[in-house]
Amino acid sequence: MKKALNVLIFTGLFGLIGCQQENSINIQQAPLKVSFSHTASNKVLELGKPLLNPFGEVYTINSFSYYISHFSLITVQGSEVELPVSYFLISEKQPVSKKINFDAPAGNYKAIRLMIGVDSTRNVSGVQSGALDPVNGMFWTWNTGYIFAKLEGKSPASIAPMQNVTYHIGGFSSPYNAIRMVELPLPEVLKLRAGGQANLSVEANVDAWFNSKNPIRITQEAFCMNPGTLALKISENYANMFTVLKVNN
Amino acid sequence: MKNNRTILSAFLIISFLWIAVACQKTGIQEVSPTDPVPVPFTVPAGWPAPLYNFTGNPLTMQGIELGRKLFYDGRLSKDGNFPCASCHQQVAAFATFDHDLSHGFNNQFTTRNAPALQNLAWQSTFHHDGGINHLDVQPIAPITAPNEMAESLQNVIVKLSMEASYKKMFLEAFGTEQMKTENIMKAMSQFMLMMVSSSSKYDEVQRGKATFNLPESLGYKIFKEKKCNSCHVEPFFTDQSFRNTGLAMLPILVDRGRMRITGNAIDSLKFKVPSLRNVMVSYPYMHDGRIRDIFAVLEHYNTGVVKGPTTDPLVKNGIPLSNFEKGQLVAFLNTLTDQAFINNQQLAQP
């Protein structure tokens, strides 16, 4: 009988180990919704409407989209909780893309971290699906790699054909690595609870593309379609485009 | 004791059942008769392991057959006239026979000569400038280039989805009728991975199944003495590096090669070292097809190298070659033609 008990315990343990992956998700998960809004010239972005960039250059935007991925949350104690890797393509043209949902461990958080762009692994491991499907047009076909962020429009200040303004930003390898990790402080503590309905409102301000760390004037730089110094500069700029406006717990 | 054993057995059975139930989700899937038939990838004797990651795209009979249909299908191009095979012809080892620059939709030229497609499982980068880093994304470039197949991925999916035959083939190969970039590209890779050229006379000689005649063996000796094999490394006859072989930049093309990808001036005018396998059937030569004749290529290395800041040190001062040596070299290069490959019915139009 004792032996049998031993065997039971042993096999039970084995069972636990064998199924570890399924049993390890004990921490309660809570849903988190993040809603993005886009602004330019201190107004809600409207495609095709005239705008002024921080240098007073008139322009319009026809297309504005970017990849975000690799989310993590910073607890009020300051430790980082990495969330399972997922990729989102946020596009002004697709209102539904501007609201994203995922599950995160319940807890109290003071900041959110995310990657603007696509990690180098996904840039070198062949064809991907979902948000990363090249069919979404955020992929350089002749120089393999994702376009991390795209801003297309027109401006009388542009010397490019059709007065186009074309900023396709990407590049995942040194010295032109345009992948940006950003940390966004939350205006109040995010309290994630199982069964809750927490929501973060995040604003992306297009003005940052032109004048944040590096001044980018349409007159001088109307197009960027390669990984390189300019892409790097613009990525350093848009790394500052996000602000968390509101936390709804 | 007997009683104990019975209890023990019962416990064992119950606990194993419990494990079986608990772990059901992670259990091994049963193989059903409709599953695609796996195809092993054969590495020729003496060759290194392939670079392609087959676990991400296991070869199957159905996947390869689907890839073959796609490779030869004009629907992948805007006007239906330009399947992959329009520039990659089997008779020329999947290069373009007798054309310098490839041409595509609406009578447009590209700026380069279509490279031969062979032994792709061992290739680390694709295109003359190495801009493509994975076989599975390579076809997207010619399909979407406005001067090649000029089609969008969306339209390719729409067009293929209208065909009942494709729905059936995608179902058989990937278990779903739904076509998306990923399974289209993976099927094409499966077919292209089958383009293995390893049955030339040179290969037979290496395996002790044939012998070179005198000019061939002299040519092989000269090939090594003149250090052609510094770049054209056996068994692939390329080291896959990017080099400037002293070809002047053509002002009409302004093609800086590898520099377009790296943005670095030290890569100006560098192009990937092409394989010499099937070189005699894949003329014209060089990245833009500017040299039509193999003897003229050898003469380029003899007297034609243009010295520039990035010209490769190995060819900067030319490679002196007499007419006799050129003749023997060409005899050797002829042994790299793989008739079995260029006539392989499994690679031909379905």
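Side notes on the structure shown:
- Yes/no for B:Asp293 being within 22 Å of B:Ala121 (Cα to Cα) and surrounded by fewer than 21 Cβ atoms within 10 Å (Cβ to Cβ): no
- B:Phe54 vs. criteria aromatic (Phe, Trp, Tyr), at pLDDT 85 or above and more than 25 Å from B:Tyr166 (Cβ to Cβ): no
- Checking each residue in region B:277-316 for being part of a helix (DSSP H, G or I) and over 23 Å from B:Tyr220 (Cβ atoms) picks out B:Thr303, B:Gly304.
- In this structure, B:Thr262 does satisfy being hydroxyl-bearing (Ser, Thr, Tyr) and within 14 Å of chain A (Cβ to nearest Cβ).
- Taking the conditions (1) assigned to a loop (DSSP other than H, G, I, E, B); (2) over 26 Å from B:Val39 (Cα atoms); (3) of a type outside the set (Ser, Thr, Tyr); (4) within 17 Å of the chain's Cα centre (by Cα) in turn, B:Ile143 satisfies each one other than (1).
- Output for region A:160-191, where each listed residue is in contact (Cβ under 8 Å) with a residue 60 or more places away in the chain, hydrophobic (A, V, I, L, M, F, W, C) and over 20 Å from A:Gly117 (Cα atoms): A:Ala160, A:Val165, A:Leu186, A:Val189, A:Leu190
- Test: B:Asn147 is at pLDDT below 95 and of a type outside the set (Lys, Arg): yes
- Verdict on B:Asp288 being in contact with a Lys or Arg (Cβ under 8 Å, 6 or more places away or on another chain) and acidic (Asp, Glu): yes
- Some residue of region B:106-124 being within 14 Å of another protein chain (Cβ to nearest Cβ), under 30 Å from B:Gln339 (Cβ atoms) and β-branched (Val, Ile, Thr): yes
- Test for B:Ser198: is it at pLDDT 95 or above and either farther than 24 Å from B:Pro274 by Cβ or more than 14 Å from chain A (Cβ to nearest Cβ) (or both): yes
- Pair list, Cβ < 7 Å and 6+ apart or interchain, from region B:279-302 residues that are over 21 Å from B:Leu314 (Cα atoms) to residues that are small (Gly, Ala, Ser): B:Val281/B:Ala92; B:Val281/B:Ala93; B:Ser282/B:Ala92; B:Ser282/B:Ala93; B:Ser282/B:Ala95; B:Ser282/B:Ala116
- Residue within region B:213-229 that is within 22 Å of B:Gly56 (Cβ to Cβ), crowded, with 19+ Cβ neighbours inside 10 Å and modelled with pLDDT of 95 or more present: no
- The residues on offer are A:Val127, A:Val189, A:Val165, and the sole one that is buried (at least 17 other Cβ atoms within 10 Å of the Cβ) and more than 14 Å from chain B (Cβ to nearest Cβ) is A:Val165.
- Filtered by the rule that a residue be in a helix (DSSP H, G or I) and within 11 Å of chain A (Cβ to nearest Cβ), region B:159-186 gives B:Thr181, B:Glu182, B:Asn183, B:Ile184, B:Met185, B:Lys186.
- On the stretch given as region B:294-350, residues that are basic (Lys, Arg) and more than 19 Å from B:Ser282 (Cα to Cα) total 2.
- Test: B:Thr96 is more than 26 Å from B:Phe54 (Cα to Cα), away from chain A (no Cβ under 14 Å) and either surrounded by 23 or more Cβ atoms within 10 Å (Cβ to Cβ) or among the hydroxyl-bearing types (Ser, Thr, Tyr) (or both): yes
- Residues in region B:101-111 that are assigned to a loop (DSSP other than H, G, I, E, B) and in contact with a strand residue (DSSP E or B) (Cβ under 9 Å, 6 or more places away or on another chain): B:Leu101, B:Ser102, B:Thr110.
- Pairs with Cβ under 7 Å, 6+ apart, first in region B:333-350 and closer than 11 Å to B:Gln90 by Cα, second in a helix (DSSP H, G or I) and of a type outside the set (A, V, I, L, M, F, W, C): B:Ile342/B:Gln90; B:Leu347/B:Gln90; B:Ala348/B:Gln90
- Residues of region B:54-98 that are more than 14 Å from B:Ile143 (Cβ to Cβ), in a helix (DSSP H, G or I) and among the aromatic types (Phe, Trp, Tyr): B:Phe54 alone.
The values are calculated or read from the model by the stated rules, or taken from the named source; none is laboratory data. Computed from a predicted structure; not experimentally measured. Cβ: placed from backbone, ideal geometry, glycine included. Neighbour counts: every protein chain shown.
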